[in-house]
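This report concerns only the one structure given below.
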Amino acid sequence: MDIFIQLARDSGIANLGLGNLLMFVVAGILIYLAIAKEYEPLLLIPIGFGAVLANLPLAEMSSEGTSLIGKIYLEGIENTELLPPLIFLGVGVLTDFRPLLGRPLTFLLGAAAQLGIFVAALGAFYLLGFNAQEAASIGIIGGADGPTSIFLTAKLAPHLLGPVAVAAYSYMALVPIIQPPILRMMTTKAERAIDMPQAIPVSQRAAILFPLVTGILASLAVPSSAPLLGMLMFGNLLRESGVTERLKKTAGGPMLDIVTILLGLVVGATMSAEAFLTTRTLGILVLGAFAFSFSTAGGILFAKIINLFLSKEKKINPCIGAAGVSAVPMSARVVQQFVSDETNGKVNPLMPAMGPNVAGVIGSAVAAGVFLALVG
Amino acid sequence: MNPPDLLVVCLSAFVAVFFLLGFLAVVMRLLIAVFPEKLAGIDSATIAAVTAAAAYVFPGTKVTKVEEIK
C-alpha cells in the first residue's frame with residue numbers, strides 16, 4: 001500500500017498547480033487558433049504543445065530542464081543561436097525579391113515600417129521599467145518577424161523568450177485583424193485607388209547579384225546582423241542561381257520544416273507557469289500590439305510623405321506601406337484584400353505590396369543587429 | 001563607459017535601418033540599370049496573325065511595328 005501512496009505522491013497529478021492548469025488553457029488557446037482559425041498553424045501547434053510539455057510537473061520537459069528539449073534549447077538557441085538563422089536560410093529560398101528590386105523605392109517603406117520596434121522599446125523602458133536589453137527584445141516584436149524576435153531575445157533577455165515569441169507569432173497571425181482598421185483610418189478613398197505603374201523588369205543577373213551585394217553590404221555595415229541576413233541571402237542565392245536545385249529544395253523544404261518543429265517546440269517549452277504567468281507578460285503582449293500598430297502606421301505615413309515628392313503618374317498607393325511589417329506574405333495579402341475590397345476590385349496591389357513586405361524582413365534583421373551592437 | 005541611453009540607441013537604430021535600406025535601394029537601382037532585362041521580341045507567328053487581322057479589317061494596311069505593353 002505504501003508503494004502506491006509513494007507512487008501517487010510522486011506523480012505529476014499530485015504536483016499539478018493552478019499555474020500549470022492555466023498554462024494548459026493558454027496552450028489550448030494557441031492550438032485552437034492554429035487548428036480552428038488556421039492562424040500560423042506550423043508554429044502555433046509546436047509552440048502550444050511545447051507549452052503543454054513544459055507544464056507537466058516532474059517531467060522536466062521545459063527548455064530549462066535537462067531533457068531532450070532542454071538540450072535542443074541549449075544548443076539550438078542559447079549557446080549557438082543556430083535555429084533562427086537556419087529558418088532565415090529557408091525563408092531566403094522561399095522569398096522572391098523581384099517585387100522589391102523592381103521598385104527600389106519600396107526599400108524605404110520596409111525601413112519606415114520598423115517604427116513600432118523603437119516606439120515599443122521606448123515604452124517598455126520608460127513606462128514599464130524593463131531594462132534596455134529586455135526593452136529591445138520586446139520592441140523587436142514590432143518587426144513582425146518571429147525568428148528575428150527569437151534570435152535577439154535569446155541573446156539579450158532569454159528569460160523573456162516565451163512571452164516575446166508568443167506575442168510575435170500571435171500578432172503575425174492577427175495581421176488581418178490589426179491592419180485593416182489602421183489602413184482605413186490613415187488613408188483616403190482617393191489614396192486607396194492609386195493604381196501604381198508597372199515595376200521595372202528585373203534580369204536574372206540582377207536577381208543573382210542582389211543576395212551577394214546585400215549580404216556583403218548589410219553585414220559590413222551591421223556585422224551583428226550577419227547571422228540572419230547572411231543566411232537569408234545565401235538561401236536566396238540558392239534560389240536564384242538556378243543550378244542548386246537539390247540544395248534549394250532541401251533548405252526550403254525538409255530542413256526548414258525540421259527547424260520549424262524544433263524551434264516551435266523549444267520556444268513553447270520556455271512557457272513554464274512561473275516564467276509566463278507574470279504581469280510582465282501582460283505588459284509584453286500589450287506593447288507587442290502597440291509595436292505592430294505603430295509599424296503599420298509608420299509604413300503608411302512614410303508612403304504618404306514620399307508621395308509629396310512624386311509626380312501624379314508615379315505616386316505610390318500608401319496602403320502598401322503597411323506591408324512593410326515583415327509578416328511575409330500575410331501582410332501583403334491583407335493590403336491586397338483591403339485595397340481590392342475598397343476599390344471594387346479595380347486596384348490590386350499584391351505585387352507592389354510584396355516589395356516593402358520583403359524589405360521589412362531585411363529592415364527588422366538590421367534593427368536587431370543594431371540593438372545587439374548597442375545594448376548587447 | 002556607461003551604456004548609451006535607450007532613446008539614443010533607438011534613434012540611432014532607426015537612422016541606421018533607413019540609411020542602409022536607402023543605400024541598398026540606390027545600389028539595386030544601379031544594378032538593374034547596369035544589367036537590364038532583355039525583353040523577348042514578338043514572335044513571327046504573332047506578327048503574321050496581327051498583320052493578317054489588320055489586312056482583313058483594313059485592306060491594304062501595312063503593319064510596321066507590333067509592340068507588347070505589359
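Here, each number is a calculation from the coordinates, and none is a lab measurement. Just so it is clear, the structure is predicted and the values come from calculations on it, not from any experiment. Using ideal geometry, Cβ is built from the backbone for each residue, glycine included, and neighbour counts are taken over all protein chains shown.
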Work out from phi, with θ = phi - 60° and the Karplus expression 6.51 cos²θ - 1.76 cosθ + 1.60, the ³J(HN,Hα) of each residue of the stretch A:169-175, listed in order in whole Hz, and give x for Gly and Pro.
-> 6, 5, 5, 4, 5, 8, 3
Using r as the Cβ-Cβ distance of A:K346 and A:Q6, and R0 as 56 Å, what FRET efficiency do you calculate, to the nearest 0.05?
-> 0.15
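Pulled fully out, how much extra length does the chain show between A:V25 and A:A59, if you take 0.36 nm times their separation in residues and subtract their Cα-Cα distance? Can you show the working numbers first?
Numbers: separation 34, 0.36 × 34 = 12.24 nm, distance 1.86 nm.
Residue separation times 0.36 nm, minus the Cα-Cα distance, leaves 10.4 nm.
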Please build a GNM for chain A, connecting alpha carbons under 10 Å apart, and tell me which residue among A:T250, A:T270, A:T281 fluctuates the most.
-> A:T250
Across the residues of A:368-376, average count of Cβ atoms on other protein chains within 10 Å?
-> 4
Quick one: Cα centre-to-centre distance for the stretch A:333-373 and the stretch A:97-128, in angstrom?
-> 10
Counting other Cβ atoms within 10 Å, keep those with at most 10, restrict to DSSP loop, and tell me which GluC sites (Glu not before Pro) in the stretch A:253-343 are left.
-> none
Centre separation in Å (Cα based) which lies between the stretch A:50-70 and the stretch A:203-220 = 42
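Work out the length of the dipole vector of the stretch A:72-216 about its Cα centre, built from +1 on the beta-carbon of each Lys and Arg and -1 on the beta-carbon of each Asp and Glu, and round it to the nearest 20 debye.
Working: 7 positive and 8 negative charges, 110 e Å.
Computed charge dipole of the stretch A:72-216: roughly 540 debye.
Treating the beta-carbon of each Lys and Arg as +1 and of each Asp and Glu as -1, no other charges, what is the dipole magnitude of chain A about its Cα centre, to the nearest 20 debye?
On the way: 21 positive and 21 negative charges, 278 e Å.
Around 1340 debye, computed over chain A.
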How many nm is it between the label spots at A:L42 and A:T188, if each spot is 7 Å from the Cα in line with the beta carbon?
-> 4.1
Between A:L18 and A:L74, with labels modelled 7 Å along Cα→Cβ, what's the label distance in nm to one decimal, could you check?
-> 3.4
With label points set 7 Å from each Cα along the Cα-to-Cβ direction at A:L217 and B:F58, the distance between them in nm comes to 4.7
Given backbone amide H placed at 1.01 Å from N, residues whose amide H is under 5 Å from that of A:L56, ignoring those fewer than 5 places away on the same chain, are A:M61
Of A:L115, A:L127, A:L53, the one that fluctuates the most in a GNM where chain A has Cα springs shorter than 10 Å = A:L127
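Other chains' Cβ within 10 Å of A:88-101 residues: what's the mean? Walk me through the numbers on the way to the answer.
Details: counts 0, 0, 0, 0, 0, 0, 0, 0, 0, 1, 0, 0, 3, 5.
Taking the mean over all residues of the peptide, I get 1.
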Under a 10 Å cutoff between Cα atoms, tell me which one of A:L282, A:L238, A:L109 has the largest fluctuation in the Gaussian network model of chain A.
-> A:L282
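List the chymotrypsin sites (Phe, Trp or Tyr not before Pro) within the stretch A:273-375 that DSSP assigns to loop and that have no more than 13 neighbouring Cβ atoms inside 10 Å. Mind dumping the intermediate values first?
Working: sites: A:F276, A:F290, A:F292, A:F294, A:F302, A:F309, A:F338, A:F371; in loops: A:F309.
Those satisfying the criteria are A:F309.
Which of the residue pairs A:K155/A:K249; A:K71/A:K248; A:K249/A:K346; A:K346/B:K65 have a Cα-Cα distance greater than 32 Å in the structure shown? Working shown, then result.
Values: A:K155/A:K249 30 Å; A:K71/A:K248 28 Å; A:K249/A:K346 37 Å; A:K346/B:K65 30 Å.
Going by Cα-Cα distance, A:K249/A:K346 fall outside the 32 Å limit.
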